[in-house]
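First up is the structure itself, then whatever we jot down about it.
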Amino acid sequence: MHSLTCTPVSSPSHTPLKPNNNNPLLGSTWRPCPPLKRRACFTTRALLSSTKETVLKDFQERRALKIISGLHNFDKDNVASVVTAADKGGATHVDIACDPELVKLAISLTSCPVCVSSVDPATFPAAVEAGALMVEIGNYDSFYEKGVVFTPEQILILTKETRRLLPSIALSVTVPHTLSLPDQVKLAELLEQESVDIIQTEGGKCSNPTKSGILGLIEKATPTLAAAYSISRAVKIPVMCSSGLSAVTAPMAITAGAAGVGVGSAVNRLNDVVAMIAEVRSIANSLKTPFQICPATHEVEINRQ
């Protein structure tokens, strides 16, 4: 594989967005307030805190389910079907390509928080202005197919630039499965120090199951489950287990320590919205298996009532 050449992003060539009074999540609204505007400043901060708390609530309760349409999926009909399936199937979040028009489409179809994915921080503010409440640096699978990988240094640069542009947005960052597990853990710890809100794992693309059926589904999920187990024990922020999951393995992710799961191809590859809804509902129902995880020891207690 060839490494991605990452251009320094400290001096973006795009023109910064003007202050937007309609969406307080934009970085331009997070500035020291003059004394005469102190009350408005406090109101804005309260709104910011409330919005992020709402977006992260399902992660804090360890029941988040994010349905992903795809980083490079700009097909409005398919995105609409995926978002509709997520909404009607019981998902808590939707994740779409970072495009303002797609964001407007998504928020017209669901009340779930809309997350946008990109590896270009400069594209995030316009999507947030359009209504996105969460941004994701990740969904690297399509880049791996082109022989492009991301280094920890590049991901940290992207994270810092995103935080500079959007200091108050809910931010999720994917840790690449191309790193060894110890290096994934180390990067996750560094991302936590950069005020990232959620760490996302991956690994489905690198897994080549040798079995069919349920055994094959478990094999496919093994890399991302291992990452979720390791990272969740190293950081205090929520971990989202994603890539290669299904209704069979989603509950395993929660048991492994994840606060939520992200599902993409298992849903977006289907051609019928009814089938998509059924798949989302199946995954959502699988997460309702009653169990408790001790925060201190991460030991699982199954409720057998």
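FYI, it's all coordinate maths here, none of it is from the lab. It should be emphasised that the depicted structure is a prediction, and the values quoted were computed from it without experimental measurement. Because the Cβ atoms are built from the backbone with ideal geometry, glycine has one as well, and the counts that use them run over all protein chains shown.
Looking only at the stretch 236-249, residues that are in contact (Cβ under 8 Å) with a residue 40 or more places away in the chain and either surrounded by fewer than 21 Cβ atoms within 10 Å (Cβ to Cβ) or not polar (S, T, N, Q) (or both) come to 8 in all. Taking the criterion of being within 15 Å of T110 (Cβ to Cβ) and among the small types (G, A, S), the residues of the stretch 65-97 that qualify are S69, A80, S81, A85, A86, G89, G90, A91. E136 meets the conditions (1) part of a helix (DSSP H, G or I); (2) crowded, with 20+ Cβ neighbours inside 10 Å in every case but one. The failed one is (1).
In the stretch 209-227, the count of residues that are part of a loop (DSSP other than H, G, I, E, B) and within 26 Å of L171 (Cβ to Cβ) is zero.
Kindly indicate whether L65 is touching a residue at least 40 places away in the same chain (Cβ under 8 Å), hydrophobic (A, V, I, L, M, F, W, C), closer than 21 Å to E279 by Cβ and crowded, with 18+ Cβ neighbours inside 10 Å. For L65, the condition - touching a residue at least 40 places away in the same chain (Cβ under 8 Å), hydrophobic (A, V, I, L, M, F, W, C), closer than 21 Å to E279 by Cβ and crowded, with 18+ Cβ neighbours inside 10 Å - is met. Is it the case that the stretch 111-124 has a residue that's out of contact with any helix residue (DSSP H, G or I) (no Cβ under 7 Å at 6 or more places or on another chain) and touching a residue at least 60 places away in the same chain (Cβ under 8 Å)? Among the residues of the stretch 111-124, at least one is out of contact with any helix residue (DSSP H, G or I) (no Cβ under 7 Å at 6 or more places or on another chain) and touching a residue at least 60 places away in the same chain (Cβ under 8 Å), which makes the answer yes.
Residues in the stretch 117-133 that are in contact with a Pro (Cβ under 6 Å, 6 or more places away or on another chain) and assigned to a helix (DSSP H, G or I): A122, A126, A127, A130.
The residue of the stretch 122-136 that is nearest to the chain's Cα centre (by Cα), among those that are under 17 Å from V94 (Cβ atoms) and β-branched (V, I, T), is V135.
Residues that are in contact (Cβ under 8 Å) with a residue 40 or more places away in the chain, under 22 Å from K288 (Cα atoms) and crowded, with 18+ Cβ neighbours inside 10 Å within the stretch 68-89 comprise I68, V82, T84, A85, A86, G89, listed in sequence order. Screening K220, K236 for residues that are of a type in the set (K, R) and within 19 Å of the chain's Cα centre (by Cα) leaves exactly one candidate, K236. Out of all the residues in the stretch 139-161, which are in a helix (DSSP H, G or I), out of contact with any Asp or Glu (no Cβ under 9 Å at 6 or more places or on another chain) and under 18 Å from E192 (Cα atoms)? Result: E153, Q154, I155, I157, E161.
Taken as a whole, the stretch 156-179 holds no residue that is of a type in the set (A, V, I, L, M, F, W, C), farther than 30 Å from T110 by Cα and surrounded by fewer than 16 Cβ atoms within 10 Å (Cβ to Cβ).
Within the stretch 210-217, can one find any residue that is over 17 Å from I68 (Cβ atoms), surrounded by fewer than 16 Cβ atoms within 10 Å (Cβ to Cβ) and in contact with a Gly (Cβ under 8 Å, 6 or more places away or on another chain)? Checked the stretch 210-217: at least one residue is over 17 Å from I68 (Cβ atoms), surrounded by fewer than 16 Cβ atoms within 10 Å (Cβ to Cβ) and in contact with a Gly (Cβ under 8 Å, 6 or more places away or on another chain). In this entry, L102 is excluded by the filter for residues that are part of a loop (DSSP other than H, G, I, E, B), of a type outside the set (K, R) and more than 20 Å from D197 (Cα to Cα). Checking every residue in the stretch 74-87 against the condition of being at positive phi, out of contact with any Pro (no Cβ under 8 Å at 6 or more places or on another chain) and outside any helix (DSSP H, G or I) gives zero matches.
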